[in-house]
1. With the radius of gyration and the Kirkwood radius both derived from the Cα set of region 4-244, what is their ratio Rg to Rh?
2. In the chain, with Lys and Arg counted as +1 and Asp and Glu as -1 at Cβ, which of these residues, 128, 11, 168, has the Cα nearest the positive end of the dipole, that is, farthest along it?
3. State the answer as a single residue: which of 55, 90, 147 lies farthest towards the positive end of the charge dipole of the chain, with beta carbon charges of +1 for Lys and Arg and -1 for Asp and Glu, about the Cα centre.
4. As a test, work out the antiparallel percent of DSSP beta bridges whose residues both lie in the chain, rounded to the nearest 5.
5. Using R₀ = 51 Å, calculate the FRET efficiency as 1/(1 + (r/R₀)^6) where r is the Cβ-Cβ separation of residue 169 and residue 1; round to 0.05.
6. Could you give the dipole magnitude of the chain about its Cα centre, charging the beta-carbon of Lys and Arg +1 and that of Asp and Glu -1, in debye to the nearest 20?
7. I want to check the label-to-label distance for residue 215 and residue 149. Put each point 7 Å from Cα in the C-beta direction and report it in nm to one decimal.
8. Give the relative contact order (percent, whole number) for the chain; include only Cα pairs under 8 Å separated by 6+ residues.
Amino acid sequence: MLKAIIPAAGLGTRLLPITEFIPKEMFPLPNKPVIQYVVEEAINSGIKDIIIIINKNKDIIKDYLTSLNQDVKLTFLYQEEQKGLGNAILIAKDLINEDFFAILLADSVISSSTPCIKQIIDTHRKYLKSVINIERVTPERIPIKGMVSGEEIEPDLIKIAEIVEKPQSYHTNTAICARYILNKKIFDYLEKTKPGVNNEIQLTDAIKELLKEEEIYAQITDSKRHDVGDPESYINAITYLGRHKK
């Protein structure tokens, strides 16, 4: 059974100053926090062992999630220094024993008929490859995204040829979208990855090295992403989820 890592240690700089006091992962949408949606997506996809990466100022996340008493094993690890997403993932290395594991970014709530990570898991099980969720983005968003390109092997499924973090421009509009199934070999590359964009250890840079060793797929899923780290997207998420909440 796959384990999941949910990195939730970021500083929420796009939402300052409120994130100095309330983690963005605890923002309400509309009547439960962002992090609960992400954990429930994992649980509803059959994942029962979840590792959550937080920092020393985010114990409220731990307190809240443990109070829910859900039928899932939660393990909390601390990122002592803000060295990027790649570093946050690397912290969980010793807890991943299976060949593959899931990653769900904690600041992205994804609405879909079937849980987004479940769609990615199903594709992984079909092809036995690492699979990254992707979405189509407008040109102005390319410089803030990890971008991918490659050969379409079936509708909405790409065998990746190239992956790059936050280029100024790019020849496709397909961007990484907050959910991954990755081979645990990624940890070996993360240990060797030097700081990249924003002087952080980028997960995308490690994936680029893994791609030299094995095939990696990218999938456009039937889903709508709400990036709550972005103020406008957060407001839209409140409206959307308020209308569609079960």
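No lab work stands behind these numbers, since they all come straight from the coordinates. From a predicted model like this one, the values you see are computed outputs, not experimental measurements. Cβ placement follows ideal geometry from the backbone for every residue including glycine, while neighbour counts extend to all protein chains displayed.
1. For region 4-244, the value is 0.93.
2. Farthest along the dipole direction, towards plus: 11.
3. The residue sitting farthest along the positive end of the dipole is 55.
4. If we restrict to bridges inside the chain, about 60 percent are antiparallel.
5. Numbers: r = 41 Å, r/R0 = 0.80.
It comes to 0.80.
6. Approximately 440 debye in magnitude.
7. A separation of 2.1 nm, rounded to one decimal place.
8. Reported as a whole number, the value is 24 percent.
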